[in-house]
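See below for the structure under consideration.
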Amino acid sequence: MGTATLTPPTTAAPPVAGRAGRRVRPARERAFWPFLLPALIAYTALFVLPSLFGFWVSFNKWAGPGSAMTWNGLGNYLELTRSEAFRTAFVNTFVLAFGGGALVFAFTFLSMMVLRQVKGRAFIRSVIFLPMIISVIAVGVAIGFLLNPDGAVNTILGWAGIEARPWLGPDMVFKCIVAGLVWSSTGFYVALMMSAADSIPPYLYEDAKLIGATKWEQFRHITLPLTWDVFAVSAVLWVVNSLKVFEIVIAFTTAGTPASPPIQARTVAVQQYASVAGGGVPELGSGAAMGVVILIVTTILIVLTRRVTRRERVELS
């Protein structure tokens, strides 16, 4: 049997005075800035300065390099409030974040309840995760082909005697995008949550069975509290990712053609792209204003998500 020896905690050595009475810094402290400075310079040059420039552009009218930049004050932001395309894109983005998020985590929790005791769950988990490693562009194009008026889905419905549906019509196109995104994203969150669920000791579930707890009660009182920290992180990841959905909308609605996505299918990121590269005179000021708006919304939602998911950490004794 091994033995363990407790040793009293060591106290930090007092700073050593130099020749002229100056404090001699420890080696770790002296190495701090040389290691950190290159990263700080790169972060400032590649992120902070471009972000500040984008914030400045949002108050100007600008068609891009080579053209004059004119001060517009809050004009770009006021134009966004009057733009039907931006209002539709803004609502769609929120529907995607909240409605899509509810579906993703509902399927994730259901998968956790089902997969925990299923034989071959590692293989099933891999199959569920598979859409995540496929290019989002490929997923969008494939779903677009399947739901085309002459696609496989309407063909199968025709064989069953059911009337073909206009999946890509204005009333259904965004619902199909949400469904495709939920399908392709759920596997990632299942993998995250299941990695936390796998660390729960099996005896907790055995004790719960002995007292007659149902699967729902086991999930509610054991699985969910002990995986709550991972869920909180997953919720933040979903919020961040859902507010910048872009590729799947472009691929699903245009299938690689130069056409612009219909307004009913646009998110804020797609509308931002349309204002800059959607034909006509580029409106970089308007695009930058959209970026600032979505940055503020993202920050608010992250703070709210962290506050809503804040719980006292449950630890096994």
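Yes/no per residue for (1) at positive phi; (2) in contact (Cβ under 8 Å) with a residue 12 or more places away in the chain; (3) surrounded by fewer than 12 Cβ atoms within 10 Å (Cβ to Cβ); (4) over 25 Å from the mean Cα position of the chain (by Cα):
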| position | (1), (2), (3), (4) |
| --- | --- |
| Leu96 | no, yes, no, no |
| Val104 | no, yes, no, no |
| Asn154 | no, yes, no, yes |
| Ile162 | no, no, yes, yes |
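Output the number of residues of the range 262-317 satisfying the condition of being more than 22 Å from the chain's Cα centre (by Cα) and either open to solvent by 40 Å² or more (accessible area, probe 1.4 Å) or of a type outside the set (Ser, Thr, Tyr) (or both).
Qualifying residue count, the range 262-317: 18.
Given the options Ser83, Ser67, name the one that is open to solvent by less than 40 Å² (accessible area, probe 1.4 Å) and out of contact with any Gly (no Cβ under 7 Å at 6 or more places or on another chain).
Answer to the selection: Ser83.
Of the conditions (1) modelled with pLDDT under 90; (2) open to solvent by 30 Å² or more (accessible area, probe 1.4 Å), Asp229 satisfies every one except a single condition; which number is it?
If we test Asp229 against (1) modelled with pLDDT under 90; (2) open to solvent by 30 Å² or more (accessible area, probe 1.4 Å), just (1) comes out false.
Give the residue that is farthest from Val178 (Cα to Cα), with candidates limited to residues of the range 124-141 that are surrounded by fewer than 16 Cβ atoms within 10 Å (Cβ to Cβ) and small (Gly, Ala, Ser).
Among them, the one singled out is Ser126.
Name the residue that is farthest from Leu181 (Cα to Cα), counting only residues in the range 106-123 that are over 17 Å from the mean Cα position of the chain (by Cα) and among the polar types (S, T, N, Q).
Gln117
Can you tell me which residues in the range 164-197 are aliphatic (A, V, I, L, M) and open to solvent by less than 40 Å² (accessible area, probe 1.4 Å)?
Met172, Val173, Ile177, Val178, Leu181, Val182, Val190, Ala191, Met193, Met194, Ala196, Ala197
Please go through the range 30-71 and pick out each residue that is among the aliphatic types (A, V, I, L, M) and outside any helix (DSSP H, G or I).
Ala63, Ala68, Met69
Can you name the condition, by its number, that Ala12 falls short on among (1) open to solvent by 40 Å² or more (accessible area, probe 1.4 Å); (2) modelled with pLDDT of 70 or more?
(2)
The values are calculated or read from the model by the stated rules, or taken from the named source; none is laboratory data. Nothing here was measured: the structure is a model prediction, and the numbers come from that model. Neighbour counts run over all protein chains shown; Cβ positions are idealised from the backbone, glycine included. Protein only, heavy atoms only, side chains kept; ligands, DNA and RNA dropped before computing areas. Shrake-Rupley method; radii C 1.70, N 1.55, O 1.52, S 1.80 Å.
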